[in-house]
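The values are calculated or read from the model by the stated rules, or taken from the named source; none is laboratory data. Since this is a predicted model, take the numbers as computed values, not measurements. Please note: Cβ atoms are built from the backbone with ideal geometry, for glycine as well, and neighbour counts cover all protein chains shown.
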Amino acid sequence: MNKTKIDEDTTEIFIELKKAFKAVESQTRQAIRELIAETDPELKKTARLEYLKGCMTEKITEAMELMSRYEDYQRRDCTLEKLLTGEKIQAKVKEIQKIQGEAIALRKGNNSRADITEDMIQRAKSYPFTDLIEIQHNTARCFLHEDKKPSMHYYPASNTLHCFSCHKTLDTIDYVMERDGLSFKDAVRGLQ
């Protein structure tokens, strides 16, 4: 057998494997959804708390690394780097607070997402940003600060905005929560 024949055979095998995977993928996803629906709510709560604990540990570690960098920049009198790192630390603290808030709500048995389904969240995240904010050439003015020229970039593939001035990345839910001062639940409902 020559090398070209082997390459053609290998390519055909990969194509067949890809087709087989695609056929099984949707069935697997459906089976997972059904399994999650049947799972005991207390077990889901415990699993979610463990996940949040891991996320919290990761975010705290990242914040500590940033704080170490901040102190280094302060010692070396690197004003710009210190300022940028300080903003990143503030963003990490907000992420930690968000995770902590969800964990506290779960522990109290007071889950703010109780009547919000994953489908509702996905619908809200896919709500077109172009219906919420004026976007031209994938740019927009950031509403979070004074913005003389557009500093937000719109990413159509993920339906998210990122501001290169304040370093915030927002999906539609985050955007409506920030803009209108709504809770997560109210923002999701409003985007249905």
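Of the residues making up region 143-184, those that are over 17 Å from the mean Cα position of the chain (by Cα) and charged (D, E, K, R) are Glu146, Asp147, Lys148, Lys149, Arg179, Asp180. Where helices (runs of 4 or more DSSP H) fall wholly inside region 118-192, the ranges with 1 or more residues that are within 24 Å of Ile99 (Cα to Cα) and of a type in the set (S, T, N, Q) are 118-125, 172-180.
Return yes when Val93 is touching a residue at least 12 places away in the same chain (Cβ under 8 Å) and crowded, with 18+ Cβ neighbours inside 10 Å and no when it is not. Taking the combined requirement at face value, the residue does not satisfy it. Does any residue of region 132-139 turn out to be under 20 Å from Tyr51 (Cβ atoms) and of a type in the set (Asp, Glu)? No: region 132-139 contains no residue that is under 20 Å from Tyr51 (Cβ atoms) and of a type in the set (Asp, Glu). Cβ-Cβ contacts under 8 Å between residues 6 or more apart (or on different chains), taken from a first residue in region 174-192 that is under 10 Å from Ile121 (Cα atoms) and at pLDDT below 85 to a second residue that is among the charged types (D, E, K, R) and not in a loop (DSSP other than H, G, I, E, B), are listed as Gln192/Arg123.
Return the residue satisfying two criteria in turn: it lies in region 1-58 and is among the polar types (S, T, N, Q) and modelled with pLDDT of 75 or more, and of such residues it is farthest from Ile116 (Cα to Cα).
It comes out as Thr10.
Only a single criterion out of (1) surrounded by fewer than 16 Cβ atoms within 10 Å (Cβ to Cβ); (2) without any contact (Cβ under 8 Å) to a residue 40 or more places away in the chain is not satisfied by Lys82, namely (1). Go through the residues of region 123-134 one by one and say whether even a single one is farther than 20 Å from Lys92 by Cα, surrounded by 16 or more Cβ atoms within 10 Å (Cβ to Cβ), touching a Phe, Trp or Tyr at 6+ places or on another chain (Cβ under 6 Å) and hydroxyl-bearing (Ser, Thr, Tyr). Scanning region 123-134, I find no residue that is farther than 20 Å from Lys92 by Cα, surrounded by 16 or more Cβ atoms within 10 Å (Cβ to Cβ), touching a Phe, Trp or Tyr at 6+ places or on another chain (Cβ under 6 Å) and hydroxyl-bearing (Ser, Thr, Tyr), so the answer is no. Condition (residue is assigned to a loop (DSSP other than H, G, I, E, B) and over 18 Å from the mean Cα position of the chain (by Cα)) applied to region 91-106: is it met by at least one residue? Checked against the condition, which is being assigned to a loop (DSSP other than H, G, I, E, B) and over 18 Å from the mean Cα position of the chain (by Cα), region 91-106 yields no hits at all. Keeping to region 22-78, report how many residues are within 19 Å of Glu102 (Cβ to Cβ) and either of a type in the set (D, E, K, R) or not in a helix (DSSP H, G or I) (or both). Total meeting the criteria: 10. Surrounded by 15 or more Cβ atoms within 10 Å (Cβ to Cβ) and farther than 22 Å from Val188 by Cα: is that true of Lys22 in this structure? No, not satisfied.
For Thr139, indicate whether it is modelled with pLDDT under 90, over 15 Å from the mean Cα position of the chain (by Cα) and hydroxyl-bearing (Ser, Thr, Tyr).
Taking the combined requirement at face value, the residue does not satisfy it.
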